[in-house]
1. Can you list residues from other chains, or at least 5 along the same chain, whose modelled amide H is less than 5 Å from the amide H of VAL190?
2. Could you order peptides 218-226, 20-28 by the average number of other Cβ atoms within 10 Å of their residues, highest first?
3. Using the Karplus curve 6.51 cos²θ - 1.76 cosθ + 1.60 with θ = phi - 60°, what ³J(HN,Hα) values do you get for each residue of segment 77-84, in whole Hz, with x for Gly and Pro?
4. Shape of segment 92-154 from its Cα gyration tensor (a ≥ b ≥ c, root eigenvalues): rounded if a/c is under 1.5, otherwise prolate when a/b > b/c, or oblate?
5. For a test of understanding, tell me how many lysine pairs in segment 63-154 have Cα atoms under 27 Å apart, given they are 8 or more places apart or on different chains.
6. Say the dipole of segment 20-142 comes from +1 at the beta carbon of Lys and Arg and -1 at that of Asp and Glu; which of ALA114, ALA141, GLY92 then lies farthest toward its positive end?
7. HN-Hα J couplings of segment 107-116 from phi, Karplus 6.51/-1.76/1.60, θ = phi - 60°, integer Hz, Gly and Pro as x?
8. I'd like to compare 145-151, 179-185: which one has the highest average count of other Cβ atoms within 10 Å, and what's the full order after that?
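The values are calculated or read from the model by the stated rules, or taken from the named source; none is laboratory data. What you see is a predicted model, and the numbers here were worked out from it, not measured in a lab. Backbone-built Cβ (ideal geometry, glycine too); neighbour counts: all protein chains shown. Each accessible area value is taken on the protein alone, full model and side chains, heavy atoms only, with ligands, DNA and RNA left out. Shrake-Rupley method; radii C 1.70, N 1.55, O 1.52, S 1.80 Å.
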Amino acid sequence: MSKLGSLGARLHRGEISYDFVGHRKVWYGISILITITAILGLAVRGLNMGIEFQGGAVFTTPTHMSTSVAKAEEYAHEASGHEAIVQKLGNGSLRIQIAGIDTDKSDQIKQTLAKDLNLNPEKLAADLVGPSWGEQIANKAWEGLAIFMVLVVIYLAIAFEWRMAVAALVALIHDITITTGIYALVGFEVTPGTVIGLLTILGYSLYDTVVVFDSLKEQTKDITKQTRWTYSDIANRSINGTLVRSINTTVVALLPVAGLLFIGGGFLGAGTLNDISLSLFVGLAAGAYSSIFIATPLVADLKEREPAMKALRKRVLAKRAQAATGEDLTGARAGNEPEDDAPAVVGPRNQTASRGRGRGRPSGKRR
């Protein structure tokens, strides 16, 4: 068995563990700091919305263009008065994307751009996207996200309980905020592919969370009938028991996404992959973090507020204190007794000793 497999088996059996729930304030603080950074990025820089959401025009040149990307961006800016995104495609053609322009002016921009690029206007392909269509796509995206959230909360409330549903919802909002904040800070374009990536990573995040919740639900049956573990203790055991599984699934999912982002988008220059690959990469990492460090500790916090769980915690802590006091007293007595003292004899051994007291005396009745 590999070292990671052996570690996972020991974590599952409870032989070793890390107190994730006990350090929950640290994880909350880290998440709050990251979330504030993401919100500041959104407030200061904002999202670079794609042409599908703003409307505009996309011009595609013929193959094997000698004009550089930087020069094409300059020509597009002079022709439209707006910032342009230019990508060099695999066949050598240029894709010039200009967002936020009035479609009525697209013909004038096309003529000017073709003249600057030394092209016949008929060879410069143009695709127009109206702003109303982009606004409709944005509204549909928000509606889909809201419906997804509502369905998640309803399902978890029915399958588990409302506290787990609330914790899962907080974790999902946490993941979305971080992912969109990274988009704002990096400046990547937000396209429908980005929305698809967001919905995908929410599914992955929810999967990891449900795995831990299912283990927690199974282990907390009849929890109030024992006095060995608190709810937080069992929650921590559930995280440790599924920790290696969560790490393995996350790493396996991140590897191909990293290939899309760093190799496809970085080295090969396929910029169209950046929109979906970045959301998947950041979202998968944030989802794995939130399922371990946010969702389950938050459930433990909410459950420990219940009167039954408070009473159980008092009984468990009292029993542990009593056991610790007993061990201290036993150790103190053992340390204070002289080594040559005979141990006290009780029970049947006393009866045996008393029986031997008359040995050696002459038998007979006393007169």
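1. ASN48, MET49, GLY50
2. Numbers: 218-226: 11.2, 20-28: 16.3.
Packing order, densest peptide first, comes out as 20-28, 218-226.
3. 5, 5, 7, 10, x, 10, 5, 10
4. On the way: a/c = 5.43, a/b = 3.00, b/c = 1.81.
Prolate, because a/c is 1.5 or more and a/b exceeds b/c.
5. 13
6. Checked the options; the winner is ALA141.
7. In residue order, the calculated couplings are 5, 5, 5, 5, 5, 5, 5, 5, 5, 5 Hz.
8. Details: 145-151: 12.7, 179-185: 21.3.
Those peptides, ordered most packed to least, come out 179-185, 145-151.
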